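Q: Here you go, one structure.
Bear in mind that the values in this text are calculations on the coordinates, not laboratory data. What you see is a predicted model; the values in this text were computed from it and never measured. Cβ sites come from the backbone with ideal geometry, for glycine too, and all protein chains shown count toward neighbours.
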Amino acid sequence: MSNVFDRSRRLEIKFAGVGGQGVVLAGTVLGRAVAIYDGLNAVMTKEYGSDMRGGDVCTDLVISENEIRYPAVLAPDVLVVLAQRALDVNRKWLEEEKASANGRLLICDTDLVSVEGVTFPPSWKVFGLPFNTIADKEFHSSDAANMVFLGFFAESTGIVSFEALHKALHDLLPSNTLEINLRAVARGRAQLDPK
């Protein structure tokens, strides 16, 4: 399913979860990968509640080959939700009038987020994996879940190259956690589970 999105136009991405899930780190890695190593323009903004862990967290990225004149996400092309509360807060993006003719993608943690009862406009596709469960079972750490979803994101969208992603991870992560995070990205890349 790679290369779903046209990287020559403005792309808007929103990662949403709760504190402690690595949403900001994932956005930082993606932004660095596309801006430094894939040669695109990128702007990242982030917002989070006052709670260190468990509060709402969002990271927004705007990516384009052209100059980015407005840095905010107006209607995400890709929405990644890693907690039920994140989906509930961001359901407004699923409204018909915000849908794009080019289609949109919702990626969710299938163990933590239920889309049952959510009505999706025809332009939205929904994909997911149990990112936290995979991280716990295969890497013995829920801290790797953000890298599992980043690999899954890269494979399902084609927005970022894996070479760029790997270089950004080498830049940003300490050497003692690099190997497990690279394996987690590869694990997310290895399986798509359409819903």
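Q: Quickly estimate the mean residue ellipticity at 222 nm for the chain, helices only: each DSSP H run with n ≥ 4 gives -39500 (n - 2.57), and the total goes over all residues, rounded to 500.
A: Working: 6 runs with 66 residues, N = 195.
Roughly -10000 deg cm²/dmol at 222 nm, from the helical runs in the chain.
Q: Under the 0.36 nm per residue contour assumption, what length would be gained going from the current alpha-carbon distance of Ala72 and Gln84 to full extension? Write down the numbers at each step before the final one.
A: Details: separation 12, 0.36 × 12 = 4.32 nm, distance 2.33 nm.
Contour length minus Cα-Cα distance gives 2.0 nm.
Q: Would you please state the base-10 log of I(q)/I(0) at q = 0.17, 0.24, 0.27 1/Å for segment 128-176, with intensities from the Debye formula using one equal scatterer on every alpha carbon?
A: These q points yield log10 I(q)/I(0) values of -0.55, -0.94, -1.03.
Q: Name the residue farthest towards the positive end of the dipole of the chain from the options His166, Ala35, Phe131, assuming +1 on Cβ of Lys and Arg, -1 on Cβ of Asp and Glu, about the Cα centre.
A: So the residue we want is Ala35.
Q: Give me the Å³ per residue figure for the convex hull around the C-alpha atoms of segment 63-158. All intermediate terms of the calculation are to be shown ahead of the outcome.
A: Numbers: hull volume 11.2 nm³, N = 96.
Spread over its residues, the Cα hull of segment 63-158 gives 116 Å³ apiece.
Q: At q = 0.08, 0.10 Å⁻¹, what is the log10 ratio I(q)/I(0) for the chain, with the Debye formula run over Cα points and no solvent?
A: Calculated log10 I(q)/I(0) at the listed q: -0.22, -0.35.
Q: Same structure again: What is the Rg over Rh value, at two decimals, for segment 24-88, using alpha-carbon atoms and the Kirkwood definition of Rh?
A: Using only Cα positions, Rg/Rh for segment 24-88 is 1.00.
Q: What does DSSP give for segment 11-190 in terms of the percent of beta bridges that are antiparallel, rounded to the nearest 5?
A: Working: 16 of 30 bridges.
Once the DSSP bridges in segment 11-190 are tallied, antiparallel ones form about 55 percent.
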